[in-house]
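Here the structure is laid out as structure tokens; the discussion comes afterwards.
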Ligand SMILES: Nc1ncnc2c1ncn2[C@@H]1O[C@H](COP(=O)(O)OP(=O)(O)OP(=O)(O)O)[C@@H](O)[C@H]1O
Ligand SMILES: Nc1ncnc2c1ncn2[C@@H]1O[C@H](COP(=O)(O)OP(=O)(O)OP(=O)(O)O)[C@@H](O)[C@H]1O
Ligand SMILES: [Mg+2]
Ligand SMILES: [Mg+2]
């Protein structure tokens, strides 16, 4: 097992990346993937983790790793992108046309909670806060925002209807049958959502890892990602 | 009237006892490990006997057959444990008051100050129990049980840790409680205490009752004298108070004869009893003269019972029918030619009898 | 030779004692709360006295001035505590062996089987200590200390929880240990035990030493008799063994006179001592005849000391200079006109003396 | 001195409030549970015992999720309590509940150990002096296990000061309402380069909890001295 | 029956291994620490006491981060131990270290409570019988505190079975190497709709830990019966 390439990947990639890795393993030696929060993984890499490849959920943490000199020069790419959506509890479809502001009315009234990831620290929360601020809604909803420690936990709050509304990535909304997508936030309302990938210097098996990284950028792998709702080749 | 019938297996043997105790003080006497504490625990409700029935008067405390088993706190029985069991988080005063606070308001019992004085623990009241000597603990534990105003008092070797002077102060107090109507079951290894206090004596050995009955019966039975600890065996005589002489000696009447007690005892009522230790009695065929011993009783030998190691117990009957026990060497018995029917004189030193030997019956 | 000098504040008073103990058995006698346990704890090293110095022979155990303080496990002192302190997680055998295992291989001490037999605890060996009676615990605790082969034995009321028969079996064993050279400090409230065992007696009261010295001195001092518990005071006579008569009585020589002991005692060597309780002695101006009492000694009154409540202590000197104590009523003393210099006869019942009163000196 | 933001101060206040309430409210329940576990015998006991240990065994996130399912606005218990005006969801009370639940096994264990160390002979003695079982418990057992209760309380308090996983999952992180110190610390850890802030917040948390630990040590020693009775 | 994936089985095995090793390895240290805290008096004691409580007070993620800084490959302790062949970073040993550290305060408290309940008179008696302090501790104190040690051990084990935050922060979540049951549960929680898998993993975790709890209860009762000595 020691010889297998070790991939550090943001936890929110698990569903898609597991499928891709499985497909890869049918024709190649398997890879090992460790899922955790991007911040935890980044810190582990700078502390000397023997990982070959890092896929972060935000450019911020990839920058931090880059600055520590662990990234193999020239290997950094923007692997995936995502959309930020407002979601609601239940799988109703008729609400699909509602505007963001009107949907958030109960939150602004103080009668409902809006589930988000931590707005100051977790990327999905940061993007959400940026978007709401851009739309001029943040100040009205801020006191009713229930911040979860990651975007999946925010999703769970909406799924359980503890918070009837939430802001997550489109990929999360797609994967959870108990929620529905109400609206997509305009792409210009927040910084672009990017999942950067880079090879690392501290790994055991850089060649196999490079092969796997290359594979993730091939059409068969990208089909899996788009099926899960990711966007491809995002602009920096 | 405490009626105890119980059967309980112990390691090694079974405890199997049937005993009626009270009114008055019932002494439980027996060697170490014979089952005394176990018996008393069953009465207190701390041990559930395998079989049996325990009642106090008309109140059924335990009955294995019908499943009756009153919990200890409902039995209203005071218990002085063999080890003091003081509450470590309470000071001496709070320990003493623990039972008192929970006693029936209406119940009779000794006053706090009387108990504290009698036990000599007034200077200790504010102390934590951790800072007490062994004997001090024992005294506090006695006081705690007394102040709970029980209807029956169980005392398991309560005075073992105390010096003779202390004992001499506590014993009369117990007698006064007994006289006030409190039945007591008193476990002890000290025969002087037993003979002084007991109205009833129960002898127990390896879980079985060897003998039980009124104290003067048991104590004057020469066949039991050896078992009671030969050196300390002795009979109890019933006497009446005949006044205090000028030099401080108390005169006791015994039918037509007199006994002198070397202490001025107040007239404690008419019916008294005095213990006379068998080894304190000297026998003589002739009436002896010019002795320091003041008490010379005429009597008739009724039984000569061989004891251990060259000694015999001589049972004497006084003219009015009371029984006295003497312990002498077999050689003396032979020289004096003592046999049943021999008339003789019993010499008892006045000093050998103590006020501690005198008590109300 | 144990040399104890210590000063330690207690609640209420200060313990302030200077005492030389041993060889032989040193009895520490005093009322409850007088500081006996505290003193013994200091010797064992369990209590660090505020000031003082304790040494055993040439070995300095404690010295407040130089800061010497040997820890208890290095002192090699056996301690029978006032309460048994058995190890609850070990069975009786393991408790007994705890000290034995840690003793010096070379050290002398009694054998396991002897101790177990003497204490009558053979049936208990496999038992957990939780399932023992009070007296059984006390015996195991004695055995545990004996088997640790100490160079000095501290015993704090070791026999208080035991019946007279058990005591009678344990006392000779202690004497044998003493004879084998083991010094013992023996705390007790029971004067018979003290007079029987003690070579040296230390009387302690509220932390101060009232008197200390050879047992026969202390015991025959009429000024101390009252403090020793009047009823049990008595002198100790040195005698030699004169053989056992056909009827089982042992003859003891006392200068030209004889005493008879109602038990065939084997010749235990030449120098014996016998305790004669003061209240067991009857005095007569004339030589009495025809009594069951076999022992009549001629003596001269040397002191008449008033006791309590109409009683006096009469100090008698025997022809060879030994001292005997008698306790009689003041009335008898007056009738017999006893004063210093009066010749008289002391009558002692043979039965009143027990083999328990006889010991090697 | 480092300037603390108003939100950090709110988090400190809230943490203290949550930890104190969690500790005080769960203490009687913990004492009762410990007593039942150590002194009674009945068939369902093993289940209670297992239940008590659960928060120790499960990852905190799972405990938080279970709390959400049970005590959330749509949970069976939550729906039951809502009409009574008791809501836990997204309230500081929910944070206290989560902290109490997470600290509960620690409290029960400490108290149980103490109960099992009490000499039943003393309780027997109290019974012969007329004290019924409840009376014996209150006047004898309880004072004797005070050191165990204190140890349990302080473990509960310390745990409550550090609890994060269950709390954030159950009541989220609403600054000023449910943002406790650990949530604030976690938040800060997610931002690259915010280590300075993490250190400050940790130092505050540690100082407060250690202060509580010392208070309890001092109390314990006082009690021990009183019980031991040595001069 | 539910089929378990090989990785789930690996997580179960690893968790048991990590929890057992963490518990067994830290027990002697916990006993020594408890003894020092309850029986010795020296100026630095308060610091040790504070240190012991730290993992309880700090959010687990912080503890994990501190471990990473100290025991990681570039940490001062990690670098010191590496030449000796001891590495914690991203190894199961690191998971065991994290679990041990997190369970340590629980262990120490339980054992300390037990030590403080031992009657010093028994230790004195042992000393007069020739046993030196270490000997007294091993032959008297240790057997008497066995119930406390067991309680501490089982709390340590249960905590180790549930520990997540410090573990994933310190040694990551590498399947087959550092992925313990709680990490596996966390991973499963990342997949929406995988609740079934979460429930199964939780059930396994709970079953194992509760089994250990019962084993310890049974042992404790046996010891208590032996010590109490009642028939
Ligand atoms: N830990 C303690 N702190 C303060 N005073 C104490 C402590 N232990 C005992 N005392 C007091 O010191 C005095 C002497 O106690 P000690 O135990 O030495 O008495 P003792 O002579 O052994 O009595 P006893 O025959 O009752 O056992 C008593 O008054 C007692 O109350
Ligand atoms: N918990 C117990 N389990 C089994 N046997 C016991 C238990 N407690 C005592 N025994 C045994 O029962 C017998 C009677 O014990 P008990 O305590 O009643 O004796 P005792 O007459 O009070 O003796 P002592 O005078 O020594 O206190 C003893 O042989 C003792 O070993
Ligand atoms: Mg008994
Ligand atoms: Mg004492």
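Every read-out reported here was derived from the displayed coordinates using simple, explicitly stated rules and does not represent laboratory data. Remember, predicted model here, so these are calculated numbers, not experimental data. Cβ: placed from backbone, ideal geometry, glycine included. Neighbour counts: every protein chain shown.
Whole angstrom only: what separates the Cα centroid of the range A:51-123 from the Cα centroid of the range C:95-126? Measuring centre to centre over Cα atoms gives 79 Å.
Just to check, using Stokes-Einstein with a Kirkwood Rh over alpha carbon pairs, what's the diffusion coefficient of the protein assembly as shown at 37 °C and 0.692 mPa s in µm²/s?
On the way: Rh = 37.2 Å.
Here the translational diffusion coefficient equals 88 µm²/s.
Ranked from largest, the principal axis spans of the Cα set of the range D:137-231 equal 56, 28, 18 Å. Across peptide C:277-285, the mean count of Cβ atoms from other chains lying within 10 Å of each residue's own Cβ comes to 5.
Determine the shielding of peptide C:93-104 by partner chains: average, over its residues, the number of Cβ atoms on other chains within 10 angstrom of each Cβ.
Numbers: counts 0, 1, 2, 0, 1, 7, 6, 2, 4, 7, 2, 1.
Shielding by partners across C:93-104 averages 3.
For the pair residue B:320 and residue C:125, what calculated FRET efficiency results from E = 1/(1 + (r/R0)^6), where r is the Cβ-Cβ distance and R0 = 56 Å, to the nearest 0.05? Present the calculation step by step, with values, prior to reporting the outcome.
Numbers: r = 54 Å, r/R0 = 0.97.
So, using R0 = 56 Å, E works out to roughly 0.55.
Is the range A:1-80 best put as rounded, prolate or oblate by its Cα gyration tensor, with a ≥ b ≥ c the root eigenvalues, rounded for a/c under 1.5, and otherwise prolate when a/b is larger than b/c, oblate when not? Don't jump to the answer; show the numbers that get you there.
Numbers: a/c = 1.76, a/b = 1.50, b/c = 1.18.
Here the range A:1-80 falls in the prolate category.
Relative to the longest principal axis of the Cα atoms of chain B, the long axis of helix B:164-179 lies at roughly 80 degrees.
Taking the axis that rotates chain D onto chain E, the chain D residue nearest to it by Cβ, with the distance rounded to whole Å, is D:117, 2.
By count of other Cβ within 10 Å, fewest leading, how are B:155, A:108 ordered?
Values: B:155 26, A:108 17.
With the sparsest Cβ surroundings first, the list reads A:108, B:155.
The residue in chain C that lies nearest, by its beta carbon, to the axis linking chain C with chain B is given here with the distance in whole angstrom as C:160, 2.
Dividing the convex hull volume of the alpha-carbon atoms in chain B by its residue count gives 158 Å³ per residue.
Computed from the Kirkwood radius of its Cα pairs, the Stokes-Einstein diffusion coefficient for the range B:11-109 at 37 °C and 0.692 mPa s stands at 209 µm²/s. Tell me, what is the percent relative contact order of chain D, built from C-alpha pairs under 8 Å that lie six or more residues apart? The normalised contact order for chain D reaches 29 percent. The largest-to-smallest principal axis extents of the Cα set in chain A are 56, 35, 29 Å. The calculated FRET efficiency for residue C:334 paired with residue B:58, based on their beta-carbon distance and R0 = 51 Å, is about 0.30. Label positions at residue C:258 and residue D:142, each projected 7 Å from the Cα along the C-beta direction, are separated by 7.7 nm.
What average count of beta carbons from other chains do you get within 10 Å of the Cβ of residues in E:44-53? Walk me through the numbers before you get to the answer.
Values: counts 0, 1, 4, 1, 0, 4, 7, 1, 1, 11.
Mean number of neighbouring Cβ atoms from other chains: 3.
For chain B, what is the calculated [θ] at 222 nm in deg cm²/dmol (nearest 500), taking -39500 (n - 2.57) for each run of four or more DSSP H residues and dividing by its residue count?
Details: 10 runs with 83 residues, N = 361.
Theoretical 222 nm ellipticity from helices: -6500 deg cm²/dmol.
With a 10 Å Cβ neighbour count serving as the proxy for reagent exposure, in which order, fewest first, do B:329, A:231 appear? The partial results should precede the final answer.
On the way: B:329 27, A:231 18.
Exposure proxy ranking, most exposed first: A:231, B:329.
Rounded to the nearest 10 degrees, the angle from helix E:6-39 to the longest Cα principal axis of chain E is 30 degrees. Residue order for E:16, D:56, fewest other beta carbons within 10 angstrom first, comes to E:16, D:56. Placing a label point 7 Å from the Cα of residue B:168 along the Cα-to-Cβ direction, the distances to the matching points in the other copies come to 2.6 nm, shortest first. What is the list of residues in the range B:40-56 whose amide nitrogen lies under 16 Å from a point 7 angstrom out from the Cα of residue B:1, following Cα to Cβ? Inside the label zone: B:54-56.
Structural descriptor for chain C: relative contact order 16 percent, calculated from alpha carbon pairs under 8 angstrom and at least 6 residues apart.
The simple spin-label model puts a point 7 Å past each Cα toward its Cβ; for residue C:106 and residue D:221 those points are separated by 4.5 nm. Relative to the globular-protein estimate of 2.2 N^0.38 Å, the Cα radius of gyration of the range C:96-245 stands at 1.17. Of the residues D:114, D:126, D:153, the one that moves most in a GNM of chain D with alpha-carbon contacts below 10 Å is D:126. Between copies, residue D:84 shows label-point distances of 5.6 nm, shortest first, with the point placed 7 angstrom from Cα along Cα to C-beta.
Scattering from the range B:58-182 was approximated by placing one identical point on each alpha carbon and applying the Debye formula without solvent; log10 I(q)/I(0) at 0.10, 0.11, 0.18, 0.21 1/Å stands at -0.32, -0.38, -0.96, -1.25. Relative to the longest principal axis of the Cα atoms of chain D, the long axis of helix D:92-117 lies at roughly 30 degrees.
The shape of the range E:163-206 can be summarised by an equivalent ellipsoid whose semi-axes, obtained from the alpha carbon gyration tensor, come to 18, 11, 9 Å from longest to shortest. Legend: calculated FRET efficiency, residue D:24 to residue C:206, from the Cβ-Cβ distance at R0 = 35 Å, rounded to 0.05, equals 0.10. Springs between Cα atoms under 10 Å define the GNM used for chain D, and in it the highest mean-square fluctuation of D:154, D:86, D:145 occurs at D:86. Running a GNM on chain D with Cα contacts under 10 Å, which residue among D:184, D:25, D:131 ends up with the highest mean-square fluctuation? In the Gaussian network model the winner is D:131.
Divide, for the range E:6-230, the radius of gyration over alpha carbons by 2.2 N^0.38 Å, where N is the residue count. It would help to have the intermediate numbers written out before the result.
Numbers: Rg = 19.5 Å, N = 225, 2.2 N^0.38 = 17.2 Å.
Here the Cα radius of gyration is 1.13 times the empirical estimate.
The separation of the range A:127-189 from the range B:161-180, counted between C-alpha centres, amounts to 86 Å. Remark: label point of residue D:121 defined 7 Å out from Cα along the Cα-Cβ vector; separations to the same position in other copies 0.8 nm, ascending.
Based on alpha-carbon centroids, what's the gap between the range C:291-324 and the range D:157-226 in Å, whole number please? Centre-to-centre (Cα) distance: 85 Å.
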